[in-house]
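I have placed the structure first, in the form of structure tokens, so that the comments after it can refer back to it.
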Amino acid sequence: MEQLALMGGKPVRTEKIFYGRQCVGEDDIEAVAQVLRGPYITCGPKVDEAEQKLAAYTGARYAVICSNGTAALHCACIAAGIGPGDEVITTPMTFAASANCAVYCGAKPVFADIDPETYNIDPESIRAHITPRTKAVVAVDFTGQAVKIKEIRAICDQYGLVFIEDAAHAIGTAYNGKMVGSLADITCFSFHPVKTITCGEGGAITTNSKDYYQKLVLAHTHGITREESQMEDAPHEGIWYYEQISLGYNYRMTDFQAAMLISQLNKLEGFKKRRQEIVKKYDAAFKDVPGIIVQREIPESDTCRHLYIIRLDLDKLTCTRRQFFDAMSAENVQCQIHYVPVYWFPFYRHKGYEKGLCPVAEDVYKGILSIPLYPMLSDSDTDDVIHAVKKIAEYYAK
Ligand SMILES: *Cc1c(COP(=O)(O)O)cnc(C)c1O
């Protein structure tokens, strides 16, 4: 048996790799530089172009580009009319922003449990948490895999709920042949550097509803309109005139970021292909390793995977997850954990959320770790990752 680097053995590689990394090329840099040399660095033509491109790519009727994924979720909740006294059902197996967006609007996040094999929100648990106050569902395409859209759509239709999809992980994913972004009432994306495509910080919202679209536009730019048809006091005084008709925020994106986003969107299909190749290789390598559980995919989802998660079957290993994680670090493969159940954080605990709310999510959390997945990983990098996982699993096998 190979000696673990953690115990003084030779690490599987000398250069550290991380669980995720942006993929920025000279073409992206040139696209940004071109905008910086021109007349508009914000509120210019590149934002409009990125919106058109994203709408075309996802098949959604409308797209609004905004400053980040969290702003996108906030705008979605505003457009959905969420306010004080409302409840919004989401998953605890996510980044905090999926729940915080309800709190921004004075509403209460309610956590439904997850499926133990896909780790996505369980539609039956959504159903079990519906009350007369429930207004919306924020369903997260965890790791990039589409949620059970058909089932969630049916529940939302039955109870008159707004279906918001947090697709921060899922740009490029399709469900039954249709792109994520065209399926829920409102879909939110993030372009943070760890996500599949990036422009530094960035976000987007897509919808097929003109009504939601108009509200999203207002929410992300101060509630200000220049459209005469939306104005109360028209006929206006001149072409300089605009009106603030609701309370909005400044959640706009700069034009140079939008240029980078367009450049990245052009490469998304290539990124997807490489990500899928790596996922396939990892799945094949890990499926028969004792102590390692591979995430299950539903056949409806053609997933552009953002994260690759291995779940430790701790009954079959002599180590803790912490020891496994540290052993990976010592091999120079830096993992991350996605995610600590959101309601465990002090902010939510102080609001009265208690451990035990979502037993499946809590149990899954105890065994998961995210290993490196991004398009620039070479075959030898992924070989090293597999080597490290197998070496450690073998060492700690019961
Ligand atoms: C990253 C992320 C967000 C927030 O996106 P930002 O662009 O970082 O604000 C929201 N939800 C999920 C699931 C995320 O992973």
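Quick notes
- Listed by chain and number, the aspartates and glutamates whose alpha-carbon sits under 14 Å from that of LYS10, ignoring those within fewer than 8 places in the same chain, are GLU2, GLU331, ASP384.
- Summary of the geometry: region 342-398 and region 295-324, compared by the centres of their Cα atoms, lie 7 Å apart.
- Accessible surface ranking for GLU277, GLU165, 1.4 angstrom probe, highest first: GLU277, GLU165.
- The chain: antiparallel DSSP beta bridges as a percent of all, rounded to 5: 60
- Ignoring lysines fewer than eight residues from LYS210 along the same chain, the ones with Cα atoms less than 19 angstrom from its Cα are LYS53.
- When the chymotrypsin sites (Phe, Trp or Tyr not before Pro) in region 1-60 are filtered for DSSP coil states and for at most 16 other beta-carbon atoms within 10 Å of their beta-carbon, the remaining sites are TYR40.
- What you get for the chain, charging only the Cβ of Lys and Arg (+1) and of Asp and Glu (-1), is a dipole of about 840 debye around the Cα centre.
- Of the listed residues TRP344, TRP240, the order by accessible area with a 1.4 Å probe, largest first, is TRP240, TRP344.
- Sum of -39500 (n - 2.57) over DSSP H runs of 4+, divided by residues of the chain (222 nm, nearest 500): -11000 deg cm²/dmol
- Accessible-area value, GLU124, 1.4 Å probe, nucleic acids and ligands omitted, Å²: 110
- Local charge for GLU243 was computed over the other residues whose Cβ lies under 13 Å away, with Lys and Arg +1 and Asp and Glu -1, and equals -4.
- As a fraction of the 1.4 Å probe accessible area of the chain, surface on carbon and sulfur atoms comes out at 52 percent.
- Shown are LYS355, LYS148, LYS195, whose ranking by accessible area with a 1.4 Å probe and every protein chain present, most to least, is LYS355, LYS148, LYS195.
- Among beta bridges that DSSP assigns inside region 104-188, antiparallel share in %, nearest 5: 25
- Angle between the chain longest axis and helix 210-220 axis [Cα atoms, degrees, rounded to 10]: 80
- For the residue pairs LYS46/LYS281; LYS355/LYS390; LYS178/LYS281; LYS178/LYS351; LYS195/LYS287; LYS150/LYS272, the C-alpha atoms sit more than 30 angstrom apart in LYS46/LYS281; LYS355/LYS390; LYS178/LYS351.
- Computed accessible area, PHE345, all protein chains, 1.4 angstrom probe, square angstrom: 80
- Surface per residue (accessible, 1.4 Å probe) for the chain, Å²: 43
- In the chain, the alpha-carbon atoms span a convex hull of 143 Å³ per residue.
- Loop-located trypsin sites (Lys or Arg not before Pro) in region 237-338 (DSSP state other than H, G, I, E, B) with a sparse environment of at most 16 neighbouring Cβ atoms within 10 Å: LYS267, LYS287, ARG296.
- The solvent-accessible area of SER229, taken with every protein chain present and a 1.4 Å probe, is close to 100 Å².
The values are calculated or read from the model by the stated rules, or taken from the named source; none is laboratory data. All figures in this text were calculated on a predicted structure; none of them were measured in a lab. In this analysis, Cβ positions are derived from the backbone assuming ideal geometry, glycine residues included, and neighbour counts consider all displayed protein chains. For accessibility, only protein heavy atoms count, side chains too; no ligands or nucleic acids. Shrake-Rupley method; radii C 1.70, N 1.55, O 1.52, S 1.80 Å.
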